[in-house]
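Each remark here refers to the structure printed beneath this line.
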Amino acid sequence: MLSHDFGAGFADPVVDAQAAFRAVLDALANPGTQQKLGGSSDGSGALGRELASTLLTLSDHDTTIWLSPALDVEAVKGFVGFHTGATIVDDPAKANFAFVALGDAMPELARCNLGTQEYPDRSTTIVAEVPALNGGAKLVLRGPGVRETQEISPVGLPGDFVAQWSDNRELFPRGVDLLLVAGGQVVGLPRSSRIVEA
């Protein structure tokens, strides 16, 4: 008899998904602040705990998702199919969500689905696992949800991130939103945020 190990989903699907969803909402409503990512799933292979919890919370059978190379493997695809039923696409421009494993390059923001003027909410949200949310180059956020300024210093962003983000911000209300996860925390960078080097 053939057996399949699709990895563990949430221990308590309703409570864990609600906790993770609240963390994501709070992260996007309060850009640059670290929120404890509730919910717990051990994921599968390169799909670590934070990415797995976010994926389980945001994805369902109506969702299209893109997986970075380390995640684009049978074990993770099985996890996604079994636990969410989401459709996996090979182009981030066709994805509602793009999941990026630790160590993989984030897709260029302009390569993702940027939404339309009529439906800006159909753009891609990137969920990227980074080595750490502190200790990198300092960036300053301004905009909705930020009282004056908010400083962040995530490790592992692309070298041209600020330039990419500036181009993304100019598209508002279109554009990509970004969630950074590490160490059980999530930081939200909504498209409305202005980001400059400190």
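The values are calculated or read from the model by the stated rules, or taken from the named source; none is laboratory data. Note that this is a predicted model, so its numbers are computed, not measured. Methodologically, a virtual Cβ is constructed for each residue, glycine included, from the backbone with ideal geometry; neighbour enumeration extends over all protein chains shown. Calculation scope for accessible area: heavy atoms of the full protein, side chains included, ligands and nucleic acids excluded. Shrake-Rupley method; radii C 1.70, N 1.55, O 1.52, S 1.80 Å.
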request  = Out of the residues in region 82-93 that are in a helix (DSSP H, G or I), in contact with a Phe, Trp or Tyr (Cβ under 8 Å, 6 or more places away or on another chain) and not aromatic (Phe, Trp, Tyr), state the one that is farthest from Arg111 (Cα to Cα).
outcome  = His83
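Give region 149-169 a look and list any residue that's part of a loop (DSSP other than H, G, I, E, B), small (Gly, Ala, Ser), touching a strand residue (DSSP E or B) at 6+ places or on another chain (Cβ under 8 Å) and at negative phi, or say none.
Across region 149-169, the qualifying residue is only Ser153.
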query = Can you name the residue in region 61-76 that is under 20 Å from Cys112 (Cβ atoms) and either in a helix (DSSP H, G or I) or open to solvent by 60 Å² or more (accessible area, probe 1.4 Å) (or both) and, of all such residues, is modelled with the lowest pLDDT?
reply = Val76
note = With the first residue restricted to region 121-144 and required to be over 16 Å from Gly32 (Cβ atoms) and modelled with pLDDT under 95, and the second required to be of a type in the set (Ser, Thr, Tyr) and open to solvent by less than 10 Å² (accessible area, probe 1.4 Å), Cβ contacts under 7 Å at 6 or more apart or on different chains are none
remark   = Per the filter on region 170-198, residues surrounded by fewer than 18 Cβ atoms within 10 Å (Cβ to Cβ) and not in a loop (DSSP other than H, G, I, E, B) are Glu170, Arg194, Val196, Glu197
Of all residues making up region 122-148, the number that are within 11 Å of Ala198 (Cα to Cα) and assigned to a loop (DSSP other than H, G, I, E, B) = 2
key: Residues within region 50-60 that are part of a loop (DSSP other than H, G, I, E, B) and within 16 Å of Leu178 (Cα to Cα), tallied   = 1
